[in-house]
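Participant: Attaching a single structure in structure tokens format; questions to follow.
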Amino acid sequence: MAKMRNIVLLTFLAAIAAMLLQEGEAGGVTFEYTDMANWPTLFPDYCGKDRQSPININPYETKFGFFWPMQFENYHVSPEEQTVVNNGHSVSITVKLGENIPAIHDGGLPGKYLFHSYHFHWGSDGTKGSEHTVNGVRYPLELHLVHIKEEYYPDLGEGAKNGDGLAVLGIFFKISRVDNPALAPLVKTLNDIKASGSTMTKTDMYSLGTLLPKKLGKFYRYLGSLTTPSCNEAVVWTIFRDYVEISETQLSAFRDLKDSHANAIVDNYRTAQPRNSRLVQRSFFWAL
């Protein structure tokens with residue numbers, strides 16, 4: 001009976017998360033990327049402060065840090081279902097896994113973090129799209145895997161109130177000549193959720209582990225914020241140096257999604273914010 005109650009609770013929480021994601025990453029905050037320059041004025045609690053994300057990463061300005069290998073729990077488990085949402089700013093996905101909630105820990109993280117959702121940022125062409133940049137280079141797509149610190153789970157809002165309450169994995173994508181098979185079920189679903197607010201539940205999606213780069217031991221680490229309003233400064237960022245591939249055909253499916261004004265969702269990335277005095281660490285010895 002206890003196991004059944006846990007499954008019912010997790011199903012309910014997934015449904016609540018899906019409704020929040022329809023309102024955007026920040027849960028109910030209305031914003032426009034075209035008005036990005038005014039975010040600090042419109043959302044003064046955080047968006048104009050000094051620990052904002054994304055940032056440009058200059059490898060030569062990073063500091064080597066020794067980290068034990070990051071551990072990925074249940075990242076290999078295929079989900080029972082995934083809920084895919086066009087929230088008008090991006091495509092966001094929540095996962096139903098019963099009791100097998102994916103989690104990350106070690107790797108220099110200040111605790112254990114349980115998976116919440118993932119979403120993407122992309123550009124109108126292959127020269128732009130990612131939020132973070134490396135030496136000023138912008139990738140065509142960036143994936144964010146959002147996790148909540150164990151003591152705050154599953155409340156994303158509660159996690160966002162604390163300086164290390166969230167942990168986000170950032171993964172860059174590069175254009176390849178062939179489709180990425182791990183993305184095939186998601187890309188197929190995008191054709192059915194083109195309109196803003198559309199939602200679809202899928203049962204043929206792959207495990208989260210198929211979205212990760214091969215070299216998980218090489219990454220950058222810094223303290224930052226959510227990249228959409230209200231820009232809460234609560235994120236421990238991990239940006240992997242290795243990348244994942246995606247074809248132009250698959251990327252075009254993202255660009256076909258529509259926002260609340262029926263315009264194409266493209267260039268849904270925040271420009272680089274000042275690093276200020278923040279330390280950016282790298283887990284590998286040589287800067288390049």
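For (1) more than 15 Å from the chain's Cα centre (by Cα); (2) β-branched (V, I, T); (3) more than 18 Å from W122 (Cα to Cα), each residue gets a yes or a no:
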site	(1), (2), (3)
T199	yes, yes, yes
L216	yes, no, yes
W237	no, no, yes
T249	yes, yes, no
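Participant: A follow-up question, please. Please indicate, with yes or no, whether at least one residue in the range 244-256 is in contact with a Lys or Arg (Cβ under 7 Å, 6 or more places away or on another chain), surrounded by fewer than 21 Cβ atoms within 10 Å (Cβ to Cβ) and of a type in the set (K, R).
Facilitator: No, the range 244-256 has no match at all.
Yes or no, residue by residue, for (1) under 24 Å from Q281 (Cα atoms); (2) touching a helix residue (DSSP H, G or I) at 6+ places or on another chain (Cβ under 8 Å); (3) surrounded by 14 or more Cβ atoms within 10 Å (Cβ to Cβ); (4) not basic (K, R):
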| site | (1), (2), (3), (4) |
| --- | --- |
| I148 | yes, yes, yes, yes |
| Y152 | no, yes, yes, yes |
| G159 | yes, yes, yes, yes |
| V168 | yes, no, yes, yes |
| P181 | no, no, no, yes |
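Participant: Anything in the range 188-239 that is part of a strand (DSSP E or B) and either crowded, with 19+ Cβ neighbours inside 10 Å or β-branched (V, I, T) (or both)? List them, or say none.
Facilitator: Answer for the range 188-239, where residues must be part of a strand (DSSP E or B) and either crowded, with 19+ Cβ neighbours inside 10 Å or β-branched (V, I, T) (or both): T199, T201, F219, Y220, R221, Y222, G224, V235, V236, W237, T238, I239.
Participant: I'm trying to understand the selection: among the residues of the range 240-281, which are assigned to a strand (DSSP E or B), out of contact with any Gly (no Cβ under 7 Å at 6 or more places or on another chain) and more than 16 Å from I171 (Cβ to Cβ)?
Facilitator: Listed by number, the residues that qualify are S247, K258, A264.
Participant: Sticking with this one: Of the residues T127, T94, T83, only one is closer than 18 Å to A160 by Cβ and polar (S, T, N, Q); which?
Facilitator: After applying the criteria, what remains is T94.
Participant: Further, regarding this structure: Do you know which residues across the range 170-187 are under 19 Å from the mean Cα position of the chain (by Cα) and either free of Cβ contacts under 8 Å to residues at least 40 places away in the same chain or assigned to a helix (DSSP H, G or I) (or both)?
Facilitator: A182, L183, A184, P185, L186, V187
Participant: Same structure, new question: Under 9 Å between Cβ atoms, at least 6 apart or on separate chains: pull out the pairs that start in the range 143-161 with a residue that is within 13 Å of K112 (Cα to Cα) and without any contact (Cβ under 8 Å) to a residue 24 or more places away in the chain and end on any residue that is in a strand (DSSP E or B) and among the aliphatic types (A, V, I, L, M).
Facilitator: Pairs found: Y152/L166.
Every read-out reported here was derived from the displayed coordinates using simple, explicitly stated rules and does not represent laboratory data. Fair warning: this is a prediction, and the values are worked out from it, not measured in the lab. Note: ideal-geometry Cβ built from the backbone for every residue, glycine included; neighbour counts use all protein chains shown.
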